[in-house]
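First comes the structure, then the notes that go with it.
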């Protein structure tokens, strides 16, 4: 079950003072006070891994930035109405005044649908740039190449594999991130290669994403859209018509096995797009 943790701002006041205390002279109205702090008095280890999290010792108490620690633990962090939210399914607090409605052109819709369909066709599930399962990312990149880049599939004495370089290039291209080498349930890592069962080469997923022309541009310049993923019957030949707006599916309606709704947030700089968040809004069996 997904959850989030809510703590009142007053309870977290000691931690949130960090940004203020970085300045030795603090002025509140006509009152000035000089304080002395010791920076980085301790090291912070998270999940047995060293971090670059900065600490501050003041008046016998060590302060650690809430956001830095939470994100190293894999949690999202948000502040809303004097409340700090920490967890893996934080409510969307985007104020309507902080984003604006925009319209995409037909060519942009096609481009975005092609981009998002790379995720739907690989059975990509809930993802955010601050929390993700490395196994799922490896599976996404590997299945993406099985479906789209057959030339990347190679063989040696140990079996069938995809070069680790191709896995990492895909993660950087579509997500703008990279992860350490590790195995997943579909791919076994060894010596710069991701090996997979030859039966996995027969994966055939026919799923395309369709979004409307209207979307929202967020305060940070990213875009948020809601769309429909159409899972087509096996063997249906796709052309670019399947990737345009939902109203232009044409003859594909009779080949749709089922549909589900998604919400995606991404950056777009021309044709270069990076996924920031991907949420499946329905229960998908």
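We did not get these values from a lab; they are worked out from the coordinates using the rules stated. What you see is a predicted model, and the numbers here were worked out from it, not measured in a lab. Using ideal geometry, Cβ is built from the backbone for each residue, glycine included, and neighbour counts are taken over all protein chains shown.
Using a Förster distance of 51 Å, how high is the FRET efficiency between residue 182 and residue 36, based on the Cβ-Cβ distance and rounded to 0.05? It would help to have the intermediate numbers written out before the result.
Values: r = 44 Å, r/R0 = 0.87.
The calculated FRET efficiency here is 0.70.
Please arrange 145, 47, 168 by how many other C-beta atoms lie within 10 Å of their C-beta, fewest to most.
47, 168, 145
Suppose R0 equals 35 Å; then what is the FRET efficiency for residue 217 and residue 51 from their Cβ-Cβ distance, rounded to the nearest 0.05?
On the way: r = 33 Å, r/R0 = 0.95.
The calculated FRET efficiency here is 0.55.
Sort 77, 37, 229 by Cβ crowding within 10 Å, fewest neighbours at the top.
Working: 77 18, 37 15, 229 22.
Going from least to most buried by this count: 37, 77, 229.
Quick one: 54, 144, fewest Cβ neighbours within 10 Å first, how do they rank?
Values: 54 14, 144 23.
Listing 54, 144 from fewest to most nearby Cβ atoms yields 54, 144.
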